[in-house]
1. How charged is the neighbourhood of MET145? Take every other residue with its Cβ under 9 Å from the Cβ of MET145, and add Lys/Arg as +1 and Asp/Glu as -1.
2. log10 I(q)/I(0), Debye, Cα-only segment 305-379, no solvent, q = 0.12, 0.21, 0.25 Å⁻¹?
3. Please turn the phi angles of segment 224-238 into ³J(HN,Hα) values with the Karplus equation 6.51 cos²θ - 1.76 cosθ + 1.60 (θ = phi - 60°), one per residue in order, whole Hz, x for glycine and proline.
4. Mind checking which lysines have their Cα closer than 17 Å to the Cα of LYS159? Skip sequence neighbours fewer than 8 apart in that chain.
5. Please give every one of the aspartates and glutamates within straight-line cross-link reach of LYS273, meaning a C-alpha to C-alpha distance under 13 Å, and leave out same-chain neighbours fewer than 8 residues apart.
6. Using a 1.4 Å probe over the heavy atoms of the protein chains, calculate the carbon and sulfur portion of the accessible area of segment 285-389 as a whole percent.
7. Given the C-alpha centroids of segment 312-346 and segment 235-270, what is the distance between them in whole angstrom?
8. Quick one: Cα convex hull volume of segment 101-141, Å³ per residue?
Amino acid sequence: MDDETLRFVIVGHVDHGKSTLIGRLFYDTDSLPGEKYDEIKEACEAMGKDFEFGYVMDHLKEERTQGITIDTAQTFFDTDRRRYNIIDAPGHVEFVKNMITGASQAEAAILIDDVAEGVQEQTRRHAYILSMLGLDQVIVVLNKMDLVNYDQGKFGEVKEKLLDFLDSIDVKPSHVIPISAKEGDFVANRTKELSWYNGPTVLEALDTFEKKRPPIEKPLRLPVQDVYKFDGKRAAVGKVESGILKEGDPIVVLPKGGETTVGSLEEFGKNPKKAIAGKSIGVATADKIFIDRGDVIVSPKKLPTVKDEFEGHIFWLGEEPFEEGERITFKCATQEVMSDIKINEVLDSSTLEIVSENGGKIENRQIANVTIKTSKPVVVENFNDVQGL
């Protein structure tokens with residue numbers, strides 16, 4: 001088995017079966033301890049219910065009482081190929097922030113939809129968030145096929161509608177799989193009820209995902225977290241978000257634009273000669289050059305954009321609406337500056353229909369296309385190119 005763990009998130013509308021799918025995955029991969037199974041069985045019997053796999057992840061008493069997943073929960077299961085860290089993200093509309101927290105930690109995603117109910121508001125909203133976060137490894141599962149008597153026509157109808165929406169936001173799933181998480185159809189095992197479907201099971205599809213590798217082939221980007229002074233040296237410390245940094249390399253410090261070379265790389269108790277993407281490191285420069293928190297160390301071979309005005313997309317999560325004219329703090333990696341926001345267009349996050357144009361306000365869970373004007377130049381790049389900036 002591959003020693004590397006792949007993190008993936010399951011998202012979708014409330015009550016479409018995320019927690020049940022997770023419970024089924026653990027059960028079918030023998031990852032559910034016997035005592036946990038007995039505990040869940042007893043809890044279900046006490047409530048007068050049949051055994052529910054959804055309770056595998058719903059540890060909190062409040063969640064069991066309300067029947068919804070409130071926080072993100074993480075745990076593990078194994079296949080013959082590797083270990084998986086599965087993140088259960090809440091589907092209820094009130095917990096979109098928690099869902100984004102879960103999805104931002106993932107390398108891949110399963111978008112689940114209830115084939116009996118069809119494509120719902122949170123299905124579309126969660127899919128849009130996956131698009132914003134740059135998650136390009138996606139599986140779609142159409143759950144509760146048992147409720148529509150495993151009807152191929154109903155599967156095809158919902159699949160077509162969902163794929164049309166996903167295409168509009170540039171999400172391209174590798175598979176669309178009919179399943180019944182409750183009954184176990186095509187989660188880990190093929191069943192005769194879905195004999196008309198020739199694609200992979202959920203587990204087989206998961207095993208096609210690739211572990212994300214550190215972006216070492218991309219240009220150097222190192223946002224400066226802090227500056228330490230020791231042994232007569234001044235070292236800028238931070239995490240290499242992309243590329244490779246070696247002793248003696250030429251570098252540029254942005255947004256100031258100062259040029260120098262790497263005098264030495266500093267790590268407690270070590271004397272490294274290089275640092276690759278994902279590594280936290282200290283950088284002492286060969287020349288005296290002022291570097292401070294919020295600066296970005298880059299390679300001169302391919303410079304990022306430095307500007308004080310640029311376009312962006314906002315998914316507004318504040319309970320109170322954002323009104324044009326309010327100043328807001330812009331944070332990007334370790335950069336932090338005040339900014340003014342010009343609202344160009346506001347969209348409904350579940351339908352992507354335009355709500356308003358040219359000004360006004362952004363309500364909770366609305367999307368806006370905006371122009372951001374910062375109080376001083378900042379280093380910006382497309383999130384899907386370098387996710388640390």
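The values are calculated or read from the model by the stated rules, or taken from the named source; none is laboratory data. Quick caveat, the model's predicted, so the values are computed rather than measured. As a convention, Cβ positions derive from the backbone with ideal geometry for all residues, glycine included, and neighbour counts pool all protein chains shown. Surface areas here come from the heavy atoms of the whole protein model, side chains and all, with no ligands, DNA or RNA. Shrake-Rupley method; radii C 1.70, N 1.55, O 1.52, S 1.80 Å.
1. -3
2. Normalising to I(0) and taking log10 leaves -0.32, -0.90, -1.15.
3. Karplus-based 3J(HN,Hα) across segment 224-238 equals 7, 8, 6, 10, 10, 10, 6, 6, x, 9, 10, 10, 7, 10, x Hz.
4. Filter leaves LYS144, LYS172.
5. Leaving aside aspartates and glutamates fewer than 8 places away in the same chain, those within reach of LYS273 are GLU247, ASP249.
6. Heavy-atom surface of segment 285-389 belonging to carbon and sulfur, 1.4 Å probe: 46 percent.
7. 31 Å
8. On the way: hull volume 2.5 nm³, N = 41.
Given the Cα convex hull of segment 101-141, per-residue volume reads 62 Å³.
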